[in-house]
Amino acid sequence: MEKLIIEGGRPLYGKLSVSGAKNAALPLLAATLLAPGEHILRNVPDLRDTRTILSLLGELGATWRREGATCFIDSTNIVYAEVSYDLVKTMRASVLVLGPLIARLGRAKVSLPGGCAIGERPINFHISGFEKFGVHCRLEKGYVEAVIEGRLQGASIYFDIPSVTGTENLLMAAVMAQGTTVIKNAAREPEIGNLIDMLSHMGADIEGRGSDQLTIHGVTRLHAAETDIIPDRIETGTYLIAVAAAGGEATITDCEPAHLPALLDKLKETGARIVTADRSITVSVTPEWRKRLKSVDIKTMPYPGYPTDLQAQFMALMTLSSSICVIKETIFENRFMHVAELRRMGASIRTEGNNAVVTGRGPDGLSGARVMATDLRASSSLVVAGLAASGRTEISRIYHLERGYENLVGKLSGLGARIWKERD
């Protein structure tokens with residue numbers, strides 16, 4: 001097992017290119033199960049999670065190969081409908097194969113998902129939606145078993161709370177259902193738009209892209225397609241926050257500024273200089289600005305609100321501010337696990353239910369320490385803190401980072417950070 005070492009207190013300068021979006025790649029890889037033939041996905045990040053779902057596709061009968069950032073997946077010979085616990089236990093997104101398997105084979109048996117320990121994240125939205133399509137679902141011995149005789153039937157589905165994976169899973173099932181399906185209060189994240197693009201390239205008939213109501217007119221068959229994965233907005237945001245915390249000036253390239261409206265507004269409120277172009281964002285933070293970093297409240301919300309996946313990183317930034325702010329988490333009930341580790345570095349944070357009150361201690365408020373990653377985004381908040389802190393920070397359990405950040409050490413080293421891996 002490896003740990004990450006950071007010698008902080010150095011401003012960051014230069015350019016950094018982001019990879020394809022993990023949260024878009026996973027549902028698009030799952031969608032290849034819907035139609036036989038060779039699918040081509042470009043800009044696929046090489047991550048622990050993408051490698052896991054490719055292994056999962058192989059277990060179901062698909063063949064695949066990777067050439068750089070392009071994946072070729074041939075799903076012609078999908079005959080198996082069961083996904084084992086050994087694969088699913090490490091990644092919640094593996095539940096996304098339910099919809100495609102039911103639509104194509106009429107059956108699926110998938111182990112209940114694992115992944116980060118940031119809350120229950122139940123799949124009741126998925127199951128209740130499948131049942132409206134006419135699918136018989138049951139939970140037994142840690143598995144979801146789903147069976148339908150004949151074709152799925154179009155249905156009207158309403159989410160009490162927008163669910164990203166729920167929207168994606170039911171969308172992939174609906175494209176092969178008989179009749180019309182309407183998904184109301186659907187999630188609107190850019191990754192869902194990317195999935196709709198792929199399904200449309202495959203021959204699906206979907207209306208409402210980018211809105212909270214999707215209308216899907218079912219088709220009898222789909223075909224293989226080529227699609228580009230969108231840039232990773234969470235990776236982009238993490239590096240923007242890291243530069244804001246450490247100081248300096250960096251340009252994040254190959255990204256999509258329009259996918260981060262809330263974060264860019266909040267960074268501007270802190271006093272950081274943000275300049276956007278067609279496919280890049282430049283953040284500039286002078287030493288004088290770091291001394292008077294403004295505290296900014298945030299409240300996580302479904303897109304286009306402030307993303308929960310950037311809450312922990314922004315909290316690390318706020319520990320360097322000169323005042324008090326409140327961070328309210330509304331998406332997951334257990335997403336303050338990074339607070340204890342940030343406290344080890346000198347942060348002053350008090351939690352009250354789903355609120356965290358951060359008392360900033362200025363630009364010199366953090367000191368390097370030995371800390372432990374508890375989940376994917378919490379681990380990236382510790383990287384942000386380590387880059388800004390004085391002294392040496394050691395982060396253990398960094399396999400969490402490898403689930404969502406491609407070549408993080410190399411990219412940050414390119415900006416001048418002193419960061420490397422060692423055996424733990």
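Tell me, ILE78, ILE123 in order of fewest to most beta-carbon neighbours within 10 Å? It would help to have the intermediate numbers written out before the result.
On the way: ILE78 20, ILE123 23.
Fewest-to-most Cβ neighbours within 10 Å comes out as ILE78, ILE123.
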**Prompt:** When only C-alpha pairs under 8 Å and at least 6 residues apart count, what is the relative contact order of segment 1-131, in percent?
**Reply:** 21 percent
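Determine the relative contact order of segment 22-228: mean sequence separation of Cα pairs under 8 Å and six or more apart, normalised by residue count, in whole percent. Write out the running numbers ahead of the final one.
On the way: 452 pairs, mean separation 42.2, N = 207.
Here the relative contact order equals 20 percent.
Which of MET315, MET337 has the fewest other C-beta atoms within 10 Å, and how do the rest follow up to the most? Please report the intermediate quantities before stating the final value.
On the way: MET315 26, MET337 18.
The order, fewest Cβ neighbours first, is MET337, MET315.
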**Request:** May I ask for the angle, rounded to the nearest 10°, between helix 164-174 and the longest principal axis of the chain, with both axes built from Cα atoms and the value confined to 0 to 90°?
**Result:** 20 degrees
**Request:** Return the Cα extents of segment 22-228 along principal axes one, two and three, sorted largest first, each rounded to a whole Å.
**Result:** 40, 37, 33
**Item:** Alpha-carbon centroids, segment 144-169 and segment 181-229: separation in whole Å
**Value:** 14 Å
**Rounded tilt (10° steps) of 376-388 against the dominant C-alpha axis of the chain** = 20 degrees
**Fill in**
The distance between the Cα centres of segment 397-418 and segment 253-289, in whole Å, is 20 Å
**Request:** Please tell me the relative contact order of the chain in percent, rounded to the nearest whole number, where contacts are Cα pairs under 8 Å and at least six residues apart.
**Result:** 21 percent
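Could you list, in their original order, any pairs among LYS3/LYS411; LYS22/LYS89; LYS268/LYS299; LYS22/LYS294; LYS266/LYS291; LYS15/LYS266 whose Cα atoms are separated by more than 25 Å? Walk me through the intermediate numbers first.
On the way: LYS3/LYS411 17 Å; LYS22/LYS89 18 Å; LYS268/LYS299 16 Å; LYS22/LYS294 31 Å; LYS266/LYS291 18 Å; LYS15/LYS266 22 Å.
Going by Cα-Cα distance, LYS22/LYS294 fall outside the 25 Å limit.
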**Message:** Between 0 and 90 degrees, rounded to the nearest ten: what's the tilt of helix 261-270 against the longest Cα principal axis of the chain?
**Reply:** 10 degrees
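How do VAL371, VAL296 rank when sorted from fewest to most other Cβ atoms within 10 Å of their own Cβ?
Numbers: VAL371 26, VAL296 20.
Ranked by crowding around the Cβ, least crowded first: VAL296, VAL371.
Quick note: the coordinates plus some simple rules give every number you see, no bench work behind them. Values in this document were obtained by computation on a predicted structure and should not be read as measured data. As a convention, Cβ positions derive from the backbone with ideal geometry for all residues, glycine included, and neighbour counts pool all protein chains shown.
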